[in-house]
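The values are calculated or read from the model by the stated rules, or taken from the named source; none is laboratory data. Just so it is clear, the structure is predicted and the values come from calculations on it, not from any experiment. Please note that ligands, DNA and RNA were not included when accessible areas were found on the heavy atoms of the full protein model with its side chains. Shrake-Rupley method; radii C 1.70, N 1.55, O 1.52, S 1.80 Å.
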Amino acid sequence: MQISGLLDILRDSEAYRALLAALQARAPLADQGIVRAARPFTLAALARDWDGPVIFLTGRIDRAYNVSEQLPAWLGDAAPVYRFGEPAPAFYERAPWGESAIRSRLAALAALLPPDDFAPAAQPVIVTSARAIMQRTLPPNQFRRATLTLRPGARHPLEPLIRRWVAAGYEPASIVIEPGTFSRRGGIVD
């Protein structure tokens with residue numbers, strides 16, 4: 001269900017226009033006193049009016065999940081919503097991260113790269129928790145260097161491409177079902 005038409009009511013209010021003007025002027029803001037239930041609604045309106053990526057930071061992971069699940073109903077196709085995932089282990093533990101946390105973090109970082117011919121032009125909304133943002137991730141320049149965009153019709157030497165994918169953490173599979181896997185059948189790669 002999409003309820004984005006209700007955003008126009010908020011966008012027409014004087015309080016919202018004052019908030020948007022203060023944000024655009026980079027003026028210091030006091031606590032806005034927005035009740036928790038109205039935050040996804042307000043965030044969706046800001047995402048439509050803001051000319052750049054929007055990052056929404058919550059105190060807890062369950063609240064980040066809740067907001068990221070509500071936003072598509074408010075935004076529709078106006079802006080893509082990404083979760084910057086929180087790894088399960090604490091920052092001092094030497095345990096491996098879950099694949100869903102890794103994938104969500106990489107997708108959020110990729111959404112922040114400048115758009116190209118195949119990337120959506122809409123600015124992303126990234127929802128995360130304080131604990132997730134405190135976990136170190138790739139530096140932006142290293143992430144950009146490691147990013148490879150494959151375009152239809154382009155040719156790439158197969159062996160170096162597969163070595164690069166394996167070095168980046170991709171796993172070979174007989175059938176590709178989920179992100180982070182690839183399948184090679186002769187000269188065809190899925």
Within the chain, percent of DSSP bridges classed antiparallel, to nearest 5 | 15
Any chance you could look up the accessible area of residue 8 with a 1.4 Å probe, heavy atoms only, rounded to 10 Å²?
-> 80
13, 68, ranked by accessible area, largest first (probe 1.4 Å) = 13, 68
Solvent accessible area, Å² - residue 55, 1.4 Å probe, full protein context | 100
Ignoring everything but the protein chains, give the 1.4 Å probe accessible area of residue 102 in square angstrom, nearest 10.
-> 70
Helix-only mean residue ellipticity at 222 nm for the chain, each DSSP H run of n ≥ 4 adding -39500 (n - 2.57), per residue, nearest 500 = -12000 deg cm²/dmol
Read through the labelled values (1) 18.2, 57; (2) 19.6, 63; (3) 15.8, 49 and report the label of the one computed as Rg and Dmax of the Cα atoms in Å from the structure.
-> (2)
Rounded to the nearest 10 degrees, what's the angle between the helix 14-24 long axis and the longest principal axis of the chain, both from Cα atoms, 0 to 90?
-> 50
